[in-house]
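Below is one structure, written out as structure tokens; comments come after it.
The values are calculated or read from the model by the stated rules, or taken from the named source; none is laboratory data. These numbers come from a predicted model, not from an experiment. Virtual Cβ from ideal backbone geometry, glycine too; neighbours counted across all protein chains shown.
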Amino acid sequence: MMTSQAVQTTVSLARNTNQALGIGEFAVDFMNGSIGEPDEAVRNRTLQFFTDSVICGISAIALNTNAPRVLREEALCYESANGVGIFGSTKRVSPEKAIVANCSAVREWDSNGTNFGFNPKLGHTAGEFGHNDFYPVPIAAAQIANKDGNFALRGMILLDEIRGRLAEVFSLKSYRIDHVVHGAIASAATYGAMLGATPQQIESAIGMMVAHYIPFRAIRAGKQLSDSKGASAAISTEAAILSMQRSMRGFVGPKDIFRNPEAIWRQFEPTEGDSPFDLVLSHSGDDFAVMGMHFKLGLYEHQSAGALQGLLDLIEQNPQLLDSPNAISSMKVIAYEPAFGIIGDPAKRDPQTRQSADHSMVYIIATALRKALELAKKTGSTTLADTNDGYWKKLILTPNDFHENAIFDETTRAIMQTITFEHGGQEYDAKYPDGIPTSLIITDKDGKEYDSGLVMYPSGHARNNTANLDDLLSNKWQTLGSLATDNPNTIIDKFNSLEQQSASDLASLYDFEITAREGYE
């Protein structure tokens, strides 16, 4: 009698093995097709994150934001006949320069995808942050290799899988290291595997990246955040690509870096010789890291999504709260660490810049409420929409909500003074990173309280099952895309159809015009 065997869909890299080499072997095997058949759901979800990232990026360029402008101008100084594309240009530039410019643009609004490093099935719940910033890497590699959109998409899945699984097993933020290290490692591995590097060359590049280019969270500290915050992923990825290029030319970096006693892993989590973690990477089926990643539905720090959901729930259920700016006397947000420490930081109560405002819980909530009050006054109705999705669409936070005029808006500043932020303690902390455990309590002018209850999975969260995600993303892409072009559907359709594009199509993927807009600096 024959017995069926379960199809193996993962590769396990044990802590007592050379995991850097293992990542290299996995990446090469995945890209050459000897292992791996991601389900359609994985491909579709990755495409959504890709399109989302590009729309964020081109809108940031259209509004002349500083870091993308500087890095874009720098990249255009490195024209190369054998180079790759850059958003909104027919010029070809050196790949590492295109990547740093494009990644910076993608990340500038802090509005693209997010992961929280949570995989309870394996007990891998380190909870490290990460973002879908790195798709310019597989696009550049596919263009250099003269490959098609399907090959590029496969590289995107690989990159998200490596960085997403690393985020599940090692918390960089616990040691004040910036989360972009995971993405940089994945970028080196993916870029190399797509361009024919050997596993040993990939191991060498990962070793160089970790040994030479570790960014600390100093870039995110302080009352007013700088360009370094938004460009961190871009700059680290540039270093990763340079490391891979050098390795492929013959430079030999440190080997076996995850077990290296002087590297960050064992320095912060000492062992007797192993790395501090096992790593499990998916190559087939639907259980990929990208399926647990989350979308933002506008411009806001993802840690605030639970509070935003609570606010929209309460004003939908109690429209009288929008009768006037004085209808609400106070609001209290209760949340978990690290949200309380990052976006509830008292230093963020008086943001002076966009980068600080989008990391200020009180600013984000006050701005959403101000917009609701303005819309109620404009329409003459405190019922703003028919559904909760409608409230998200009507009150989407856009770049204009983080313009200097908005940051210092008198109504917003007045609302901010009514908001308090409390740490919910162990009850809340224990529920993160499974969800975004947050509650919002509004007190009206008569002293009546309205409690949102505990919000765990707000709209956009991977485990939310109530929102119409496709519709909400379409609204976001139309809103941001219209900042970059008068016909956003053409560009949106172009990126959504990546999987069907030929090598020739992919070569000209970014060859479209971005329309510069006035009114935002």
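Here are the numbers for the structure shown:
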| read-out | value |
| --- | --- |
| Any hit, the stretch 121-128, residues being of a type outside the set (Lys, Arg) and over 19 Å from HIS179 (Cβ atoms) | yes |
| The lone exception for GLY83 - which of (1) at pLDDT 95 or above; (2) assigned to a loop (DSSP other than H, G, I, E, B) it fails | (2) |
| Test result for ALA105, of a type outside the set (Lys, Arg), in a helix (DSSP H, G or I) and either surrounded by fewer than 24 Cβ atoms within 10 Å (Cβ to Cβ) or at pLDDT 95 or above (or both) | yes |
| Any hit, the stretch 425-438, residues being hydrophobic (A, V, I, L, M, F, W, C) and either touching a Lys or Arg at 6+ places or on another chain (Cβ under 8 Å) or farther than 26 Å from PRO346 by Cα (or both) | no |
| Counted residues, the stretch 367-390 - those being assigned to a helix (DSSP H, G or I) and either surrounded by 23 or more Cβ atoms within 10 Å (Cβ to Cβ) or β-branched (Val, Ile, Thr) (or both) | 4 |
| Close pairs (6 angstrom Cβ cut-off, 6 or more residues apart or separate chains): among the basic types (Lys, Arg) in the stretch 331-346, buried (at least 17 other Cβ atoms within 10 Å of the Cβ) anywhere | LYS332/ILE441 |
| Any chance SER89 is assigned to a loop (DSSP other than H, G, I, E, B) and small (Gly, Ala, Ser) | yes |
| Test: residue in the stretch 152-166 that is farther than 27 Å from PHE268 by Cα and touching a Leu at 6+ places or on another chain (Cβ under 7 Å) | yes |
| Pair list, Cβ under 7 Å, 6 or more apart: the stretch 198-211 residue of a type in the set (Asp, Glu), other residue part of a helix (DSSP H, G or I) | GLU203/ALA20; GLU203/LEU21; GLU203/GLY24 |
| Among the candidates ALA335, ALA289, ALA347, residue that is of a type in the set (Gly, Ala, Ser) and either under 30 Å from HIS212 (Cβ atoms) or touching a Leu at 6+ places or on another chain (Cβ under 6 Å) (or both) | ALA289 |
